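Structure first, commentary second.
The values are calculated or read from the model by the stated rules, or taken from the named source; none is laboratory data. Predicted model only: the values in this text are computed from it and were never measured. Cβ: placed from backbone, ideal geometry, glycine included. Neighbour counts: every protein chain shown.
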Amino acid sequence: MSSASRRKVLLMGKSGSGKTSMRSVIFSNYTAKDTRRLGATIDVEQSAVRLLGSLVLNLWDCGGQDAFLDNYLVAQRDTIFTNVAVLIYVFDITSSEWEKDVHYFEDNLQALRENSADAGIWVLINKMDLVDKEDPKRLMYAERRAEILAMNERLSAGVDNAGPCRIFPTSIWDESLYKAWSSVIHYLIPNIKLITEHLTYFRDLTKAAEVAVFEGETFLVMAKSGSPLDAAEVELDEWESERGVGRLDRQRFEKVSEIIKSFRRTCQRTGEQFLGFEADFDGCVVVLEPLTRNTFMLVITTDPRLTASMVKYNISQSTIHFVEVGLTVSTFHRKCSICRDTVKKYMPHAVYDVEGDDDPNVVAWDDVPVESDVKPANGTGSHTPASQS
């Protein structure tokens, strides 16, 4: 396993903040109710979590008792905070010792910037379900968020290539947990721009409204076509705006994650295997199908000419190239102008070395027939990558 595909992730926070519970919900298929039987983490629990086949998260779940926190900052400082890709720090918003909690976070942030300056920082302000009813406008969350961002800005000033700091309100009882952890995984994927470019191409080719890829085990959304995962409506591209993506639920991917994981638990109890999902609504077709061994593709289309079977066929014909694109690949051998252009633009350390790339007789994955050459079938028409894959 190359170092490029193994990423160290620290999971830290005071004891009782919910670190191990959220880890168990995301990676061990626990329900929120199941986490009640979990005990406190002692010192550091390491686990290797394989995502999408070639990306491995080296997850360090660090116990949050005061003695352990002090030890991380003194005796284990270099061991804990070196070569970190992402620090996930969990706060309990109901804590009565907020100032003390913030002090520990400041010490950890300082150690991280000294040893892994470019690490990303994801702050999860947890147990929001316990305060939302009393604070519907989330004023407390807004204050906590502003305080943490100001602290990061102060400690990151003058640090070369300081990683980003993002903050999420979370609860193990709703889909907010999936949104936060999906953002982490999205950040860690080395070839995310390449994958996004391919998803956008697939969307345009098949006349879909939106295409997204989910990781097979955690069912976290990895990437989507067009605009970024957390883009505001004004940031949608022209294609998305024309097809009504802006009217879709802002939490749609997180809700899909939660629903599918719950349904898969039901399948396991009944001895069944989850293979996919399709639904034909009034003016909308939704298909969720395996893309590769470790991923599922979600396709949403509002084109009345497109059926679920046509969408599934297009997904199956795209599998070969999506497998070859991979996640941590650094040398490309399959002719594809998307790969060629993306490597030149975003991946300076990668190599696009394709035999016959200049030969027009060698068909590329993204070579498609012109609109007039596509023959309708039974009154419908659709571009598919079938003949090019």
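Got a sec? Which of 135, 129 is surrounded by fewer than 22 Cβ atoms within 10 Å (Cβ to Cβ), under 25 Å from residue 255 (Cβ atoms), touching a residue at least 24 places away in the same chain (Cβ under 8 Å) and not assigned by TED's automatic domain parsing to the domain that holds residue 231?
Of the residues listed, the single one that is surrounded by fewer than 22 Cβ atoms within 10 Å (Cβ to Cβ), under 25 Å from residue 255 (Cβ atoms), touching a residue at least 24 places away in the same chain (Cβ under 8 Å) and not assigned by TED's automatic domain parsing to the domain that holds residue 231 is 129.
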Is it fair to say residue 255 is at pLDDT 85 or above, in contact with an Asp or Glu (Cβ under 9 Å, 6 or more places away or on another chain) and assigned to a helix (DSSP H, G or I)? yes
Can you tell which of 219, 274 is in contact with a Cys (Cβ under 8 Å, 6 or more places away or on another chain) and under 13 Å from residue 29 (Cβ atoms)? 274
Has segment 276-288 got at least one residue that is modelled with pLDDT of 90 or more and closer than 21 Å to residue 183 by Cα? yes
For segment 77-115, which positions are small (Gly, Ala, Ser) and touching a residue at least 40 places away in the same chain (Cβ under 8 Å)? 85, 95
Can you name every residue in segment 45-83 that is surrounded by 21 or more Cβ atoms within 10 Å (Cβ to Cβ) and either assigned by TED's automatic domain parsing to the domain that holds residue 214 or more than 19 Å from residue 26 (Cβ to Cβ) (or both)? 72, 80, 81
So which of 272, 289 ends up being among the acidic types (Asp, Glu), without any contact (Cβ under 8 Å) to a residue 12 or more places away in the chain and either surrounded by 16 or more Cβ atoms within 10 Å (Cβ to Cβ) or outside any helix (DSSP H, G or I) (or both)? 272
Could you check segment 161-232 for strands (runs of 3 or more DSSP E) lying wholly inside it with 1 or more residues that are under 18 Å from residue 260 (Cβ atoms)? 210-215, 221-224
Residues that are at pLDDT 85 or above and either surrounded by 18 or more Cβ atoms within 10 Å (Cβ to Cβ) or assigned by TED's automatic domain parsing to the domain that holds residue 254 (or both): does segment 345-352 have at least one? no
Within segment 202-212, is even one residue exposed (fewer than 15 other Cβ atoms within 10 Å of the Cβ) and at pLDDT below 90? no
